[in-house]
1. Scan region 225-236 and report the pairs whose first residue is of a type in the set (S, T, N, Q) and whose second residue is surrounded by fewer than 11 Cβ atoms within 10 Å (Cβ to Cβ), with Cβ atoms within less than 9 Å and a gap of 6+ or a chain change.
2. May I ask you to list the residues in region 293-326 that are of a type in the set (Gly, Ala, Ser) and surrounded by 21 or more Cβ atoms within 10 Å (Cβ to Cβ)?
3. If you go through region 208-259 one residue at a time, how many are closer than 19 Å to Leu331 by Cα and of a type in the set (Asp, Glu)?
4. Ser280 passes all but one of (1) out of contact with any helix residue (DSSP H, G or I) (no Cβ under 7 Å at 6 or more places or on another chain); (2) hydroxyl-bearing (Ser, Thr, Tyr); (3) part of a helix (DSSP H, G or I); (4) under 22 Å from Ser201 (Cα atoms); which number fails?
5. Between Pro330, Pro305, which is in contact with a strand residue (DSSP E or B) (Cβ under 6 Å, 6 or more places away or on another chain) and modelled with pLDDT of 95 or more?
6. Please go through region 194-221 and pick out each residue that is outside any loop (DSSP other than H, G, I, E, B) and closer than 24 Å to Gly137 by Cα.
7. Which of the residues that make up region 139-194 are within 27 Å of Ala314 (Cβ to Cβ), basic (Lys, Arg), touching a residue at least 40 places away in the same chain (Cβ under 8 Å) and in the same structural domain as Leu12 (by TED's automatic domain parsing)?
8. Of Asp243, Asp212, Asp263, which residue is surrounded by fewer than 17 Cβ atoms within 10 Å (Cβ to Cβ), touching a Gly at 6+ places or on another chain (Cβ under 7 Å) and on the phi < 0 side of the Ramachandran plot?
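The values are calculated or read from the model by the stated rules, or taken from the named source; none is laboratory data. It should be emphasised that the depicted structure is a prediction, and the values quoted were computed from it without experimental measurement. In this analysis, Cβ positions are derived from the backbone assuming ideal geometry, glycine residues included, and neighbour counts consider all displayed protein chains.
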Amino acid sequence: MSSSPDLHILILSSWYPTLDHPFLGNFVQRQAIILSEKYKVTIVHTVPLDDQKEIEISKKTDNNLTEVYAKHPKGSHVFSRRKQRLKALDLAFKQIEKPDLIHGQIILPNGYLFVAAKDHFGCPLIVTEHGSYYRPGRKNKLTLKEKYVLQLIRKNADRLIAVSSFLQKDMVSIFGDKNISVIGNPVNTELFRPNSQKHISNAHFIHVSTLDPQIKNVPGILEAMSLLVQKGYEEVRLTIVSDENYEHIADKVSSMGLNRYVDFAGPLTSEELLDYYQKSTALVMFSHYETFSIVIAEAWASGIPVISTPVGIAAEMSEEAGILVKDNDPLSLAMAMEKIINDLPFDPVTIRKEALKYTEQAFLHSISEIYYATL
């Protein structure tokens, strides 16, 4: 780690932490830690709480990484919530040194905080977008506030970054001819590695997600499983891994008579998840939309192929790394899984090369180029 970082980066996120999830989210947390290997990094969290009576600021530092928490009253309506958040942000800013750059993460719903920081400190603003609200259907339902925030970022951001080429293309309709760079999320390729031992079965699949019914389409995966069972593939198995409550999916598994074929796991640590990847034949994703999909990169790093709709980073994957299927077409998914079961050859070393584009060092190099070009 650098003993005297040459830049001070202030990170803000449009999402705020909760008591159950005290950091911003895994992808933002990881980026902050990686950045702190080279730079001085400060993260400011504004945390609205129902029972909070006044603004409370706390701060902790670990080497080059500092976190500032600004707990504040939630507010009773949209204007009071905005007022409380901006007031808390202003008090938090008084606790930190002036940064050289502001790096905003995720524009909606509160990307106006990034612009407030830029106005306060008078330094450049870089924004990385991860959000899926550019997808067809959702984009046409943007609220007036959301449209305002997006246009505010378009006007004030010095640089925009999309986490995939897939997302970059969808952002063009909002940001027009504004230059949008592409830098993927970093993956811990030192942790996620292929298993040197052969898989026990060619029919053990894994799905890892939030189970978001609007995007992930887990019911479609269950339909594909049912088709395989009906075709006589009695050995097929699916493990669904999620940090979220999966009771509603478990109920659907029971109603479809798939209890013998589907099990559940989670929450898991990264080390535990690696073990599940290594014991699986392929990762199955059937999402309607993804902006990146970190689990796809983790699966590749672990040497297993991916079956996915053409979204996020899967949209550009090579044939050596997996199989693309049609969106919302369980038969297409079942046919791809059948190919895997029947020993369609995939080489773990070749698959892993897909993930090596997203190493932590590759991320640090790419983001550093953006930082210095923006100053």
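1. Ser226/Gly257
2. Correct list: Ser293, Ala297, Ala299, Ala301, Ser302, Gly303, Ser308, Gly312, Ala314, Ala321, Gly322.
3. Residues in region 208-259 being closer than 19 Å to Leu331 by Cα and of a type in the set (Asp, Glu): 3 in total.
4. For Ser280, the failing item is (3).
5. Pro305
6. Val218, Pro219, Gly220, Ile221
7. Passing the criteria: only Arg159.
8. Unique residue meeting the criteria: Asp243.
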